[in-house]
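Worksheet for the structure shown next.
The values are calculated or read from the model by the stated rules, or taken from the named source; none is laboratory data. Remember, predicted model here, so these are calculated numbers, not experimental data. Note: ideal-geometry Cβ built from the backbone for every residue, glycine included; neighbour counts use all protein chains shown. In case anyone asks, the SASA skips ligands and DNA or RNA and just uses the protein heavy atoms, side chains included. Shrake-Rupley method; radii C 1.70, N 1.55, O 1.52, S 1.80 Å.
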Amino acid sequence: MDRTLTIVRIVLLSILVLILSGVLIIFMTKGFNFEFGKAELIYDEVIKEEFDKIDIQTESLDIRFEKSNNEEVSVKIYDDEDNEPTVKVEDNTLKVVSKNRRVIHFGFNFKTSEIVISLPSSLYDLVIDSKSGDITSSVDFKTISIKSTSGDIEIGSATDIDIKSTSGDIRVDEGDTIAIESTSGDIFINKVT
């Protein structure tokens, strides 16, 4: 019995040593880091073409709309360089698609990955399909349609607002018609006109 117990201990210790050696090799070759702040700026363009609708599809980036300091529309995307976003105007629609490629990273990443769109005072239709990430806007829209699996949503005003969310708080400043479906999270509506 002592011999069997000794063999089991040796096998378990060997497995543990192999696992620790593998982890050590990965850390030495790939690096182990703690990252804080804003992710790397991977896209920064002023949009010259005219459009009246914005369509955003993302898996895990925060989305933020802000008022433009001038009358230009700009799109900035902060994320890992592994992300290859697509930004184009097509059929009178500004389309932003950001699908992260699956890459294994080791460490702790506390960087904010986000899409920042600066808009002039014109009113646009907005469509967002997001799996995970917060959505905030200090800009008003004509219509808003948001499908979100996870993340807080905070928007200004629009004529028609349609939000479907699985998890996360929802804050709406003002709307004529507001339809909200949510499985989990608080809903705050300031004013229905």
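Numbers for the structure displayed
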quantity	calculated
The one condition in (1) open to solvent by 70 Å² or more (accessible area, probe 1.4 Å); (2) assigned to a loop (DSSP other than H, G, I, E, B); (3) at pLDDT 90 or above that LYS88 fails to fulfil	(2)
Candidate set from the stretch 147-176 (those that are polar (S, T, N, Q) and touching a Ser or Thr at 6+ places or on another chain (Cβ under 7 Å)); member that is nearest to LYS67 (Cα to Cα)	THR159
Residues (outside any strand (DSSP E or B) and within 10 Å of the chain's Cα centre (by Cα)) located in the stretch 127-149	GLY133, ASP134
First in the stretch 123-138 and without any contact (Cβ under 8 Å) to a residue 40 or more places away in the chain, second anywhere and buried (at least 19 other Cβ atoms within 10 Å of the Cβ), Cβ under 7 Å, 6 or more apart	LEU123/ASP140; LEU123/PHE141
Matching residues in the stretch 152-193 - criterion: being in a loop (DSSP other than H, G, I, E, B) and open to solvent by less than 50 Å² (accessible area, probe 1.4 Å)	GLY168, GLY185
Of residues in the stretch 1-58 being surrounded by 10 or more Cβ atoms within 10 Å (Cβ to Cβ) and of a type in the set (Gly, Ala, Ser), the one modelled with the lowest pLDDT	GLY31
Residue among PHE108, PHE65 that alone is aromatic (Phe, Trp, Tyr), modelled with pLDDT of 95 or more and either closer than 23 Å to THR149 by Cα or surrounded by fewer than 15 Cβ atoms within 10 Å (Cβ to Cβ) (or both)	PHE65
Matching residues in the stretch 121-132 - criterion: being closer than 17 Å to SER165 by Cβ and open to solvent by 10 Å² or more (accessible area, probe 1.4 Å)	VAL127, ASP129, LYS131, SER132
From SER138, SER145, SER113, residue being crowded, with 17+ Cβ neighbours inside 10 Å and modelled with pLDDT under 95	SER113
